[in-house]
Amino acid sequence: MWRGAAMERMTLECEEHHTELLEELKVMFDEGLLVDVTMCVQDRRIPCHRAVLAAASPYFRAMFTSDLHESRQQEVWLRETDSDSVHLLIEYAYSGRLDITSANAQSLLATASLLQMTTVQKACAKFMETQLDETNCVGIQCFASVHNCEELFVKAREFIEKNFNTVSRTEEFLELPLDKVVDIVSSDELNVEKEETVYEAIMTWVSHDLKSRRQHLGELMLHLRFPLASVKFLTDVVYPNPMLMESEKGRVLIRNIRMFLENPEKVYSASNAKDPFPLRSGMIQPEHCILLVGGIDQSKPSTINCYNPLTREAFFMATFPEMEDKARYYCVEDPAVIVTEDNSIYAAGGNYIYHANYGESPSDEDSVSFDDFEDEESVRKDVYMYDNDHNRWLPRAPMLFPKSNFTLASVDGKLYSFGGLTLNQHPTEIVESYDVEKNQWNYVGMMPTTLVDLSSVVLRGEIYLLGGRTGVGAHNVVMKFDPRKNEWTSLAGMPTPRFNFGACVVDGEILVAGGQIYSHSTNTIRRDALRSCEIYNVEANQWRQGPELTEEMYNVALMHVNGCVYALGTSEYQRSPFRIYRFNVVCRLDLGHKRWEQVESALCDIRSFASVAAKLYTRKLSQVFRPEVDT
């Protein structure tokens, strides 16, 4: 409402002003209006405005605002630069748009580096990462080193190491100088299954210019981890190589091989290094581990979320980026996780919960929803893929709808999400799918009914959805979804309604175990944990009882690890009227005797997690010391 005298002050903010100003400057550039300098590159003249160039490039800013001759000249020459790239970058200064292609990326990056246009430089480097292949990765790594593009250098280096067997035969590799070859063949990260591959790569490089390179053979062979090669290869190929006797370093290798063949232990004891001949990356097999993704530790930030049931070793893998940003307070509870056919690990959704005294008290009363925080949602639609090489979660396209307490299934290169809770804890029956190759989510349709905390398995390309809950009722429902036909089929229900349980396929049948059921035996409604196990015969559409778990447990995951079926779940112990203790139990199914055997009675006390089994290179993770196992 207007009152009294006229308003003394008003502020105008026009959101379109920046865009309109840039557009008008571009028109003036195209028409040659009010230009005050001409950039000369090779045989090209580019009339433009000093102020625009200085605003876009620190290089031009320094040139035009100093006492250099260029600050007063009408024509300024740029020597030893590509005219097309300079023209494109000047166009970018006026428009904010730049088309980067495989043909111009390298030249653009070099020119942008000279002109100190870091945004363009980073964009070109990011584009070049997508262009890496066996024929150009060596050259790109050298190029990245010259222009201080650290991320591009690392990506190219990793590509060389991962594809060393092929890269070592390319022209780019064969043209490398000695120091670059030494740097590569000395790497622990070479993806080679046998050391013979490294020897052959060295010999191929030397033979490419034998006259000038044979003198370097001994130095290169110092990086050959000869104890990792077969005895036959050492005796038949390496030891008789006459070129090795031409240098002192080569003769040292021959003596060491002779010593190794006579007494291997003597070679290892002669070195002061803890492991003088470590395995290359490709020689190390991934370990089949059980992962606990998301969740919260009851009493402290979690230290165990990866477990090898074969060795009983435990590890800590990286958490989601949001959890790292707000360490000790921010937890992702009840997400969904899936491992695809090619061992890719995806995690999605979940409740992002704030815990006021996280790390100090296990009490449930200390946790509050992020609803209390501005601009924060408690239910998310974030999706991540795990990068084992760098121990980090990489963001992928988010789901169409936020959800938690749902299930994921993987079929034919697509992930399907079913059920769960969305905003305001409302159950959802929406089905959506994620195309892994396209990194894109699509709406599929609706489930016949809403289900929360359900389980899913895939058998012969079809997805079976089992159990779950709505409100305070548990379901025994079993449905089959055919993703190719988008058809639903109702099947025989489970004998025991349950939710928060595990399911997996064993010998063509579906096994379910554990979980929870609502109890109405008292004046209050409780969630009672189950230990029962049931088996579904797909062909007969019939259920039968299976062997019971070692104890009642919920939040159960059933998974195949090293040919065995394991169950991981949470058990509760109420040792006092005021405190409930929770521990995660691991059991293994003895198929021969049809019984479960307990492997771990208290692996850790994380709750509200999702669990899968996947193959990981655990050397990339931090091992957690467990006195009862590691001593």
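FYI, it's all coordinate maths here, none of it is from the lab. Because the structure is predicted, anything quoted here is derived from the model rather than measured. Glycine gets a Cβ as well: all are built from the backbone with ideal geometry, and neighbour counts include every protein chain shown.
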- Item | Extension gain (nm, one decimal) between Phe233 and Glu23, 0.36 nm per residue minus Cα-Cα | 68.8 nm
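Can you tell me what share of the DSSP beta bridges in the stretch 19-131 is antiparallel? A percent to the nearest 5 is fine.
The antiparallel proportion sits near 60 percent.
Asp99 to Leu210: FRET efficiency via 1/(1 + (r/R0)^6), r the Cβ-Cβ distance, R0 51 Å, to the nearest 0.05? Could you put the intermediate results ahead of the total?
Numbers: r = 45 Å, r/R0 = 0.89.
Here the calculated transfer efficiency is 0.65.
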- Starting from the Cα coordinates of the stretch 19-131, work out the convex hull volume and express it per residue in Å³. 100 Å³
- Task: Sum -39500 (n - 2.57) across every DSSP H segment of at least 4 residues in the chain, then divide by the residue count to get the 222 nm mean residue ellipticity, nearest 500.
- Result: -7000 deg cm²/dmol
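Where Rh denotes the Kirkwood radius from the mean inverse Cα pair distance, what is Rg over Rh for the stretch 548-631?
Radius of gyration over Kirkwood radius for the stretch 548-631 works out to 1.00.
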- Note on the structure: By the mean-Cβ-within-10 Å protection proxy, highest first, 254-260, 313-319 rank as 313-319, 254-260
- Note on the structure: Expected sort for Ile463, Ile290, Ile284 with the fewest Cβ neighbours (10 Å cutoff) up front is Ile284, Ile463, Ile290
- Item | Quarter of the Cα convex hull surface for the stretch 287-623, i.e. its orientation-mean projected area (nm²) | 16.8 nm²
- Item | Environment charge at Arg526 (Cβ cut-off 13 Å; Lys +1, Arg +1, Asp -1, Glu -1) | -2
- Computed over the stretch 252-306, Cα set: Rg, Dmax in Å: 20.6, 58
- Task: Give the order of Tyr566, Tyr307, Tyr443, Tyr268 when sorted by the count of other beta carbons within 10 angstrom, beginning with the fewest.
- Result: Tyr443, Tyr268, Tyr566, Tyr307
- Item | Among 488-494, 508-514, 621-627, the order from most to least packed when residues are scored by Cβ within 10 Å on average | 508-514, 488-494, 621-627
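Applying 1/(1 + (r/R0)^6) with R0 = 51 Å to the Cβ-Cβ distance of His426 and Cys14, what FRET efficiency is obtained, to the nearest 0.05?
Values: r = 41 Å, r/R0 = 0.80.
After rounding to 0.05, the efficiency reads 0.80.
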- What number in nm² do you get for the stretch 6-53 if you take the convex hull of its Cα atoms and divide its surface by four? 5.1 nm²
- Of all the C-alpha pairs in the stretch 126-172, what % are more than 14 Å from each other? 39 percent
- Message: Taking 25 °C and 0.890 mPa s as the conditions, I'd like the Stokes-Einstein D for the stretch 206-326 in µm²/s, using the Kirkwood hydrodynamic radius from alpha carbon pairs.
- Response: 132 µm²/s
- Once Lys and Arg are counted +1 and Asp and Glu -1 for all other residues with Cβ under 10 Å from that of Leu108, the total becomes -3
- Query: log10 I(q)/I(0), Debye, Cα-only the chain, no solvent, q = 0.06, 0.07, 0.08, 0.11 Å⁻¹?
  - Reply: -0.51, -0.67, -0.83, -1.13
- Message: With equal scatterers on the alpha carbons only and no solvent term, can you work out the Debye log10 of I(q)/I(0) for the stretch 152-240 at 0.11, 0.14, 0.17, 0.26 1/Å?
- Response: -0.29, -0.47, -0.70, -1.50
- Item | Net charge of neighbours whose Cβ lies under 12 Å from the Cβ of Val436, counting Lys and Arg as +1 and Asp and Glu as -1 | -2
- In what sequence do Met559, Met10 fall when counting other Cβ within 10 Å, fewest first? Met10, Met559
